[in-house]
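Below is one structure, written out as structure tokens; the observations come after it.
The values are calculated or read from the model by the stated rules, or taken from the named source; none is laboratory data. Model, not experiment: these values are computed from the prediction. For neighbour counting, all protein chains shown are included, and Cβ atoms are generated from backbone atoms with ideal geometry for every residue, glycine included.
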Amino acid sequence: MSEQTSVTIEDVRRVAELANLELTAEEEPRMQRDLNAILGHIAQLNELDTKDVVPMAQVGEMLGGAGHDWGETLREDVVRPSLDRAVVMATAPETDGRFFKVPKVIER
């Protein structure tokens, strides 16, 4: 894998920030090594010639599409009435009348 495509410590820190992970100084190099190893494996996979490999089962085929006579078909997509908001909100432990109120679980 070329140097320009390798994951830097700054990349690790940014990904950790986006994932809301707190990595220690000892964990950062290990994460960098692991991410670079994953990218190396992906690079190897990208070198494989798959043009003559038959695709695996597709959902459409499994549901009777693409000229096949097997599998179930999807139900008709029709609009149906949903639950009455007022009834649902009346049973909620805490609401503002339009939305459920829930405790904050992520601190940032």
Would you tally the residues in the stretch 1-53 being among the small types (Gly, Ala, Ser) and surrounded by fewer than 10 Cβ atoms within 10 Å (Cβ to Cβ)?
-> 3
Quick check: is even one residue across the stretch 46-53 over 30 Å from Glu17 (Cβ atoms), at pLDDT 90 or above and of a type in the set (A, V, I, L, M)?
-> yes
Looking only at the stretch 5-16, decide whether some residue is modelled with pLDDT of 90 or more and in contact with a Pro (Cβ under 8 Å, 6 or more places away or on another chain).
-> yes
